[in-house]
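FYI, it's all coordinate maths here, none of it is from the lab. Since the model is a prediction, treat every value here as computed from it, not as a measurement. Cβ placement follows ideal geometry from the backbone for every residue including glycine, while neighbour counts extend to all protein chains displayed.
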Amino acid sequence: MKVLIVASEAIPFIKTGGLADVAGALPKELHKLGAEVAVMLPLHSKIKHKYKDDLQFIASATIKLGWREKYLGVMKIESSGIPFYFIDCDDYFGDETYRGGDAENEQYLYFCRAVLAAIPMTGFVPDVIHCNDWHTGMIPMLLRTQYSGTELDSVHSVITIHNINFQGKMDFQMMQDILDIDAKYNGPGGVEAGGCANMLKAGLVFADKITTVSSTYAREILTPWFGMGLEGTLKAREHDLCGILNGLDYEDFDPMTDKALIKNYDSETITAKRDNKKELRSRFGLVGNLYDPVMCMVTRLTSQKGLDLVRHVLEELLKENMHFVLLGSGDAEYEDFFRYIAEKYPGKAGVHLGYDEELARIIYAGTDFLLMPSQFEPCGLSQMIAQRYGALPIVRETGGLADTVTSWNEFNREGNGFSFWAYNAHDMMHAIRYALSVYRDKSALRQLRKNAMLLDNSFLASAKKYMELYSEVIG
Ligand code: ADP
């Protein structure tokens with residue numbers, strides 16, 4: 001079985017969010033299961049710069065984008081036995097990874113066309129193209145409507161929704177002009193959603209199968225609140241929609257081998273977390289009792305992540321014997337709030353605004369709790385990383401958070417974190433206060449950490465489900 005995974009980002013080359021973790025980890029597991037896998041990504045300027053000595057030139061061509069002619073270079077790097085192909089075009093990927101607005105729409109309209117043009121140039125014609133999110137949404141449609149009679153005629157497609165909030169909306173004229181889309185597709189049975197052209201919608205209509213990254217989210221997006229205008233389209237294709245929970249790359253996220261940690265540990269040597277906690281405290285200037293719990297957030301600063309709840313009650317929470325640490329970047333309103341918190345509560349709360357992979361790992365290893373009160377969360381990786389590092393997630397029961405975190409049950413001593421259901425600041429605070437009270441019970445804490453660390457959230461189980469799905473699609 002030959003599978004091509006197409007995404008806008010993937011580890012180890014470039015990462016801005018959870019999609020990169022998935023697009024990097026899934027091919028490795030599929031490869032272990034016997035699939036022939038390749039990955040195709042844009043050659044973002046950051047990758048071009050960092051890997052300039054490793055990139056191998058494969059081929060180049062000029063492709064047509066409506067009336068325009070654009071350069072297409074295909075480059076390659078082999079990583080962990082997987083060929084990664086890169087679409088090289090400085091006009092589109094020579095600066096920002098994501099330009100925003102129509103400029104970003106154009107970047108990825110080009111990318112979708114370029115992927116299909118590049119496949120024959122690589123010699124790797126897959127049975128299935130596995131698309132990810134709106135950035136790749138036009139591929140299934142182009143395949144079905146413009147490539148019959150070519151060598152891509154029998155290629156199937158699957159699209160995974162990692163976050164339905166982002167859809168790639170633009171006016172019809174733009175999409176038509178760049179990709180020569182026939183005007184007959186400008187209706188609800190084609191690319192139209194909410195009165196404009198929509199790249200994700202095109203993927204949902206034309207892909208053979210649709211997946212999303214947890215079972216709960218697969219149910220949630222059939223409703224207007226979570227579906228963001230695409231619930232009708234999804235409802236119509238409900239029989240082709242399923243949830244496959246993401247896993248973690250267990251080689252990459254392993255507290256026993258992670259080089260960012262001061263001291264490595266596993267579930268048997270968990271007391272070494274204390275050394276990592278000391279490091280975390282010193283990085284964030286926390287003072288006071290070492291045994292007071294630390295609660296962290298490692299997150300994009302956007303309303304999706306439940307930051308309005310945090311903003312509402314954080315100062316009240318800081319009256320408790322605990323420390324708070326945040327690593328994140330994003331919307332100015334939240335950055336301003338956390339700057340204010342850091343200035344008002346030095347020694348008690350620590351804030352680092354920015355993206356820092358190494359610091360994130362130090363946090364997971366050193367923290368006692370990880371807070372994720374998301375409004376919606378398709379899957380969420382942070383809570384799984386926390387569990388693997390023996391930190392207990394405190395989450396809202398939505399999407400993948402509901403599927404991965406089981407709240408502590410003090411009677412049967414099962415559970416691997418804490419959760420609350422209503423999107424309400426005081427419900428969140430109640431869950432946090434409960435977690436803080438359990439923290440003081442050393443035996444319960446030990447059991448909880450062990451339960452969390454021994455969970456199997458590796459990617460293998462997910463990869464097996466994707467293999468079944470590809471087989472079904474190929475028939
Ligand atoms: P999303 O993809 O919605 O941002 P996930 O929980 O699925 O959320 O994945 C987030 C990933 O990005 C995790 O690996 C998390 O550790 C990482 N991350 C988020 N913000 C930062 C940051 N500021 N610095 C370093 N890593 C971050």
| query | What dipole magnitude, in Debye to the nearest 20, does the chain give about its Cα centre under +1 on Lys/Arg Cβ and -1 on Asp/Glu Cβ? | reply | 1120 debye
| field | Net charge over other residues, Cβ less than 12 angstrom from the Cβ of E220 (K, R count +1; D, E count -1) | value | -3
| Can you give the FRET efficiency for E320 and M174, using 1/(1 + (r/R0)^6), R0 = 45 Å, r = Cβ-Cβ distance, to the nearest 0.05? | 0.30
| Across region 270-456, how many lysine pairs separated by 8 or more positions, or lying on different chains, have Cα atoms within less than 24 Å? | 21
| said: Using only the alpha-carbon atoms, how far is helix 273-283 inclined from the longest principal axis of the chain? Give it as 0 to 90 degrees, nearest 10. | reply: 80 degrees
| field | Charge dipole magnitude, Cβ of K and R +1, D and E -1 - region 1-148, Cα centre, debye nearest 20 | value | 240 debye
| Centre separation in Å (Cα based) which lies between region 59-85 and region 186-235 | 29 Å
| task | For an R0 of 51 angstrom, estimate the FRET efficiency from the Cβ-Cβ distance between N264 and D182 and round to the nearest 0.05. | result | 0.30
| For region 270-456: rounded, prolate or oblate by the Cα gyration tensor [a/c cutoff 1.5] | rounded
| remark: Diffing region 228-240: the Karplus 3J(HN,Hα) column from phi (6.51, -1.76, 1.60, θ = phi - 60°), in whole Hz with x for Gly and Pro, holds 6, x, 9, 4, x, 4, 5, 4, 5, 10, 3, 5, 9
| query | About the Cα centre of region 270-456, what is the dipole size in debye to 20, counting +1 per Lys and Arg Cβ and -1 per Asp and Glu Cβ, all else neutral? | reply | 760 debye
| task | Express as a percent, rounded to the nearest 5, the fraction of DSSP beta bridges in the chain (both residues included) that run antiparallel. | result | 30 percent
| message | I need the shape label for region 306-371. Rule: rounded when a/c is under 1.5, else prolate if a/b > b/c, else oblate, with a, b, c from the alpha carbon gyration tensor. | response | oblate
| How far is helix 332-344 tilted, in degrees, relative to the longest principal axis of the Cα atoms in the chain, given as a value from 0 to 90 rounded to the nearest 10? | 20 degrees
| query | Got a sec? Charge dipole of region 225-295, +1 on Cβ for Lys and Arg, -1 for Asp and Glu; which of I262, G243, G227 is way out at the positive end? | reply | I262
| Using alpha-carbon coordinates, inclination of helix 442-453 to the longest axis of the chain, degrees | 10 degrees
| field | Cα-based radius of gyration of the chain once divided by 2.2 N^0.38 Å, which approximates compact folds | value | 1.00
| Picking from Q146, Q176, A197, whose Cα lies most toward the positive end of the charge dipole for the chain (charges on Cβ: Lys, Arg +1; Asp, Glu -1)? | A197
| request: Go ahead and run the numbers for FRET between E151 and R413, Cβ-Cβ distance against an R0 of 56 Å, rounding to 0.05. | output: 0.45
